[in-house]
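Asker: Before anything else, here's the structure in question.
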Amino acid sequence: PSGTGAESRWLFENNGTDEEGNHNLSANGGATYDAAVYVEGSFSGNVNGSGRYFSYDSLDYGEGFTIVMEFYRNGTSSYQNVWSMWKDTDGIEIQIDQPNDDIYVVTSDGSNTTTANAMNVGMSNSTWHSLIVVVDRDGAACQIWLDGVNETDSGTIQNDFDNSSPAWFGRRADGTGSQFYGRIDAAQLYLWELDATDIATIVATPGTEVTQ
């Protein structure tokens with residue numbers, strides 16, 4: 001509906017508060033709030049260590065949604081999960097492949113897996129980057145935006161993956177690893193698909209809320 005803003009905004013200001021009051025974060029596995037490196041406010045979420053992640057509860061994402069975050073990468077591992085909504089073998093996850101500077105959006109319905117990608121996008125370590133993934137589940141498509149540029153090479157995803165499970169920042173949400181080494185800040189969830197104008201607004205001022 002017109003006037004709809006973010007479902008959730010997590011600014012990581014030394015706590016897991018959802019600024020929209022809907023889905024507060026839990027810090028798990030030693031995840032902390034870091035005052036040394038941040039892009040918005042005075043803190044960021046630190047998952048730079050084994051098993052660290054932030055989680056929030058389940059909700060119905062519907063057929064179109066958008067995941068927004070700023071990330072600061074320290075690690076050199078392949079297939080690091082920055083965000084994941086994954087139950088058993090069913091769901092969606094956003095991965096960063098450090099050696100090749102690729103971004104993947106992996107979806108599975110439990111039987112079939114499809115991976116969208118943005119290849120060789122040139123992500124520097126120890127630098128903040130804006131990552132926005134726009135998901136059209138019903139249309140089996142997504143867009144991968146890095147630092148305000150639509151870098152999508154292949155946008156095809158499954159149209160029947162689970163869309164109502166709990167989600168994690170910094171690790172795969174079934175606990176099987178694929179952890180992210182770095183920091184996350186100014187994350188947001190929208191239950192609709194952001195357009196280029198919305199994305200430009202958020203990239204210009206991380207943490208800014210836009211409305212539909």
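The values are calculated or read from the model by the stated rules, or taken from the named source; none is laboratory data. Being a predicted model, the structure only gives us computed values, none of them experimental. Neighbour counts are summed over all protein chains in view; Cβ atoms, including those assigned to glycine, are modelled from backbone coordinates with ideal geometry. For the accessible areas, the whole protein counts, side chains as well, though only heavy atoms, and no ligand, DNA or RNA atoms are used. Shrake-Rupley method; radii C 1.70, N 1.55, O 1.52, S 1.80 Å.
Asker: Looking only at residues that are part of a loop (DSSP other than H, G, I, E, B) and among the β-branched types (Val, Ile, Thr) in segment 84-123, which one is modelled with the highest pLDDT? Step through it out loud before you land on a result.
Answerer: Initial filter on segment 84-123 (part of a loop (DSSP other than H, G, I, E, B)): 88-89, 98-101, 110-112, 119-123.
Next, from what is left, pick out any that are among the β-branched types (Val, Ile, Thr): 89, 121.
Working: Thr89: 90, Val121: 95.
Top of the filtered list is Val121.
Asker: Which ones in segment 27-59 are surrounded by fewer than 14 Cβ atoms within 10 Å (Cβ to Cβ) and either out of contact with any His (no Cβ under 6 Å at 6 or more places or on another chain) or free of Cβ contacts under 8 Å to residues at least 12 places away in the same chain (or both)?
Answerer: Of everything in segment 27-59, those that are surrounded by fewer than 14 Cβ atoms within 10 Å (Cβ to Cβ) and either out of contact with any His (no Cβ under 6 Å at 6 or more places or on another chain) or free of Cβ contacts under 8 Å to residues at least 12 places away in the same chain (or both) turn out to be Gly30, Ala35, Ala36, Ser42, Ser50.
Asker: Right, next: Looking only at segment 138-154, which residues are part of a loop (DSSP other than H, G, I, E, B) and within 16 Å of the chain's Cα centre (by Cα)?
Answerer: Of all residues in segment 138-154, those part of a loop (DSSP other than H, G, I, E, B) come to 138-140, 147-148, 151-153.
Across segment 138-154, the qualifying residues are Asp147, Gly148, Glu151, Thr152.
Asker: May I pose another question? Answer yes or no as to whether Val203 is open to solvent by 40 Å² or more (accessible area, probe 1.4 Å), touching a strand residue (DSSP E or B) at 6+ places or on another chain (Cβ under 9 Å), outside any loop (DSSP other than H, G, I, E, B) and under 24 Å from Phe54 (Cβ atoms). It would help to see each step written out before you state the result.
Answerer: Details: open to solvent by 40 Å² or more (accessible area, probe 1.4 Å): yes; touching a strand residue (DSSP E or B) at 6+ places or on another chain (Cβ under 9 Å): yes; outside any loop (DSSP other than H, G, I, E, B): yes; under 24 Å from Phe54 (Cβ atoms): yes.
Against the criterion (open to solvent by 40 Å² or more (accessible area, probe 1.4 Å), touching a strand residue (DSSP E or B) at 6+ places or on another chain (Cβ under 9 Å), outside any loop (DSSP other than H, G, I, E, B) and under 24 Å from Phe54 (Cβ atoms)), Val203 qualifies.
Asker: Has segment 52-60 got any residue that is more than 19 Å from Cys142 (Cβ to Cβ), within 13 Å of the chain's Cα centre (by Cα) and small (Gly, Ala, Ser)?
Answerer: Yes, that holds for at least one residue.
Asker: How many residues are in a loop (DSSP other than H, G, I, E, B), under 15 Å from Leu59 (Cβ atoms) and among the acidic types (Asp, Glu) if we restrict to segment 1-48?
Answerer: Looking only at segment 1-48, we keep the residues that are in a loop (DSSP other than H, G, I, E, B), and these are 1-7, 11-17, 19-25, 29-31, 35-43, 47-48.
So of that shortlist, the ones also under 15 Å from Leu59 (Cβ atoms) come out as 4, 6-7, 20-25.
From what's left, among the acidic types (Asp, Glu): 7, 20.
Residues in segment 1-48 being in a loop (DSSP other than H, G, I, E, B), under 15 Å from Leu59 (Cβ atoms) and among the acidic types (Asp, Glu): 2 in total.
Asker: Tell me the residue from Ala36, Ala27 that is among the aliphatic types (A, V, I, L, M) and at pLDDT 95 or above, please.
Answerer: Values: Ala36 fails: at pLDDT 95 or above.
Matching residue, one of Ala36, Ala27: Ala27.
Asker: For residues that are open to solvent by 10 Å² or more (accessible area, probe 1.4 Å), under 17 Å from Phe169 (Cα atoms) and of a type in the set (Ser, Thr, Tyr), tally how many sit in segment 66-122.
Answerer: 5
Asker: List every residue pair whose Cβ atoms lie under 8 Å apart, where the two residues are 6 or more positions apart in sequence or sit on different chains, the first residue falls within segment 138-157 and is touching a residue at least 60 places away in the same chain (Cβ under 8 Å) and surrounded by fewer than 16 Cβ atoms within 10 Å (Cβ to Cβ), and the second residue, located anywhere, is of a type outside the set (Asp, Glu) and not in a loop (DSSP other than H, G, I, E, B).
Answerer: Filtered contacts from segment 138-157: Asp138/Gly64.
Asker: Right, Thr197: modelled with pLDDT of 95 or more, more than 19 Å from Glu70 (Cα to Cα) and out of contact with any strand residue (DSSP E or B) (no Cβ under 9 Å at 6 or more places or on another chain) or not? Don't jump to the end; show me each part of the working.
Answerer: Working: modelled with pLDDT of 95 or more: yes; more than 19 Å from Glu70 (Cα to Cα): no; out of contact with any strand residue (DSSP E or B) (no Cβ under 9 Å at 6 or more places or on another chain): yes.
For Thr197, the condition - modelled with pLDDT of 95 or more, more than 19 Å from Glu70 (Cα to Cα) and out of contact with any strand residue (DSSP E or B) (no Cβ under 9 Å at 6 or more places or on another chain) - is not met.
Asker: I'd like the full set of residues that are farther than 15 Å from Ala31 by Cβ, in contact with a Phe, Trp or Tyr (Cβ under 8 Å, 6 or more places away or on another chain) and either open to solvent by less than 30 Å² (accessible area, probe 1.4 Å) or not in a loop (DSSP other than H, G, I, E, B) (or both), limited to segment 158-197.
Answerer: Within segment 158-197, Asn163, Ser165, Ala186, Gln188, Leu189, Tyr190, Trp192 qualify.
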